[in-house]
Amino acid sequence: MRFGLSLVALSLLTAGLPAAPPAARPTHVDVVLCLDTSNSMDGLIDSAKRKLWAVVNDLAKIDPAPTLRVALYSYGNDTYDAKAGWVRKDLDLTGDLDAVYKQLFALTTKGGTEFVARVTRDALAGLKWADDKDALKILFVCGNEPADQDKEVTLDSVAREARAKGVVVNTIYCRPANHPEAAGWRAFAELAGGKYANIDQDRARTEVTIKTPFDDDIRKLGVKINDTYCWYGRQGAEAAANQKAQDTNAEKTAGDAATERGVTKAGKLYRNATCDLIDRMEIDKDFDLTKIKDDDLPDELKKLKPEERLPHLKKKADERAAIQKQVAELNVKRAKFIEDEKKKQPRSEAEKAFDDALRAILRDQAAAKGMKVKE
């Protein structure tokens, strides 16, 4: 603690005061994306790459900040195992958002036969979902072919399984809203207690990004924050390299992916406590630097005397906090600028983009769980 008050002084100051209400408990949010990777779905994959960080930034508005994990499944690709129904688990539930982004960039499209029920069933059964009764557990299955192609696994049975597990299944149909197939996707969402959304993925690919005067500074700060990381352990070097690689991927992606990633990296949901000492120090209330083996420490700490190491970490933590504050202030201005511009060029429902669909559903379902979503 930084307050410098002894336990005795603190007890005197608080004597006779009513007990403080218990601090709000962090919530758990599990989000699973099941993406159709057949030939016709390049637009959806591109949208996911462009908008992942915007979706995460919306989840960061939940107060208190949740413990977020994301998993990724893909399906409908001819290169996948036919015996598994052309379904593949790409990434288990993880809080490592850079790992999620890496897997999104590894997706390719080819084929195929799209078994919506199969991929949903496999995700329900193949993941260790949060067991907290208050957790928000959400699955999005996205595609553009009939939802009932799978003749072995029925949508009804999967919907019942989802409800039993407390997982809300939402569907996003990626063709025009008036297409006859849309009814099946809507019905599946209703059976599973979720919501249905429609996006025109081809229009989403050509969506014009609203540029703001604050984007460049946010992107630069998003890269600068890398210097505040103190990577340790066997995974440290790999995590550091992947952080830079995903910065590069975001920069190469059309739209505002790099700017939104900068906001995410300065936010509450971008955490790397398993391999960054700063995050571990902030999160682990029992953090003790002396218990970490010297071999696992980064070179910058090995060069210091033992008594100099913790002050060094605290200095870097302060540097990170300063950058986070700068980004937060810039992003408030950026959000206001975008809001004003959108009022000048409103979009129709048919032009709704992937992130709009996910974010609207996530906000509604978080609120339904009693999670406070700040504007």
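From the coordinates of this entry, volume of the Cα convex hull per residue in Å³ is computed, and it appears in (1) 141; (2) 162; (3) 152 under the label (2). Exceedance of the 21 Å cut-off in Cα-Cα distance is limited, within the set LYS224/LYS265; LYS49/LYS128; LYS89/LYS128, to LYS49/LYS128. Is the C-alpha gyration tensor of the stretch 215-344 telling us rounded, prolate or oblate? Criteria: a/c under 1.5 is rounded; beyond that, a/b larger than b/c is prolate, otherwise oblate. Note, shape of the stretch 215-344 comes out prolate. Here the Karplus relation 6.51 cos²θ - 1.76 cosθ + 1.60, evaluated at θ = phi - 60°, turns the backbone of the stretch 30-42 into coupling constants of 10, 10, 10, 9, 10, 10, 5, 10, 6, 3, 7, 9, 4 Hz, with x for every Gly and Pro. Spin-label model, GLU339/ASP364: points 7 Å from Cα along the beta carbon direction are separated by 2.2 nm. The angle separating the long axis of helix 116-126 from the principal Cα axis of greatest extent in the chain is about 30 degrees. Using R0 = 30 Å, the C-beta based FRET efficiency linking GLU329 and ASP284 works out to 0.60. The modelled label-to-label distance between LYS110 and LEU191, using points 7 Å beyond Cα along the C-beta direction, is 3.1 nm. Using 0.36 nm per residue and subtracting the Cα-Cα separation, the extra length available between ASP227 and LYS372 on full extension is 48.9 nm. Compared with the alpha-carbon gap, the fully stretched path from ASP294 to LYS252 is longer by 11.4 nm at 0.36 nm per residue.
For the chain, what does the relative contact order come out to in percent, with C-alpha contacts under 8 Å and a separation of six or more? Before the final figure, lay out each step's value.
On the way: 620 pairs, mean separation 76.4, N = 375.
The value is 20 percent.
Spacing of the modelled spin labels on GLU181 and ALA321, each 7 Å from Cα toward Cβ, amounts to 5.2 nm. Straightening the chain between ASN39 and LEU304 buys 90.0 nm, computed as 0.36 nm per residue apart minus the Cα-Cα spacing. Packing here is the average count of other Cβ atoms within 10 Å per residue, and on that basis the peptides 328-334, 226-232, 70-76, highest first, run 70-76, 226-232, 328-334.
Across the stretch 95-111, computed HN-Hα scalar couplings (Karplus, 6.51 cos²θ - 1.76 cosθ + 1.60, θ = phi - 60°) run x, 7, 5, 5, 5, 4, 5, 4, 5, 4, 6, 7, 5, 10, 9, 6, x Hz from first to last residue, x flagging Gly and Pro. Beta bridges from DSSP with both residues in the chain: antiparallel share about 25 percent, rounded to the nearest 5. Shape summary of the stretch 120-263, radius of gyration then Dmax from alpha carbon positions: 20.1, 54 Å.
Is the shape of the stretch 86-145 rounded, prolate or oblate, going by the alpha carbon gyration tensor and its root eigenvalues a ≥ b ≥ c, with a/c under 1.5 for rounded and a/b larger than b/c for prolate? Oblate. With bins 5 Å wide beginning at 0, the percent of Cα pairs of the stretch 283-370 falling in each bin runs 2, 9, 11, 12, 12, 10, 9, 9, 10, 8, 5, 3, 0. Overall shape: oblate for the stretch 190-280, with the ratio a/c of the largest to smallest alpha carbon gyration tensor axis at 1.5 or above and b/c at least equal to a/b. Close amide H partners of ALA71, meaning residues 5 or more places away or on another chain with modelled amide H under 5 Å apart, are VAL31, VAL32, LEU33, THR94.
Here the 3J(HN,Hα) profile of the stretch 147-161, calculated from phi with Karplus coefficients 6.51, -1.76 and 1.60 at θ = phi - 60°, is 6, 9, 5, 6, 9, 8, 10, 8, 5, 4, 5, 5, 4, 5, 5 Hz, Gly and Pro shown as x.
Here, each number is a calculation from the coordinates, and none is a lab measurement. Computed from a prediction, not measured in an experiment: that's the story for all the values here. FYI the Cβ positions are ideal-geometry reconstructions off the backbone, even for glycines, and counts take in every protein chain you see.
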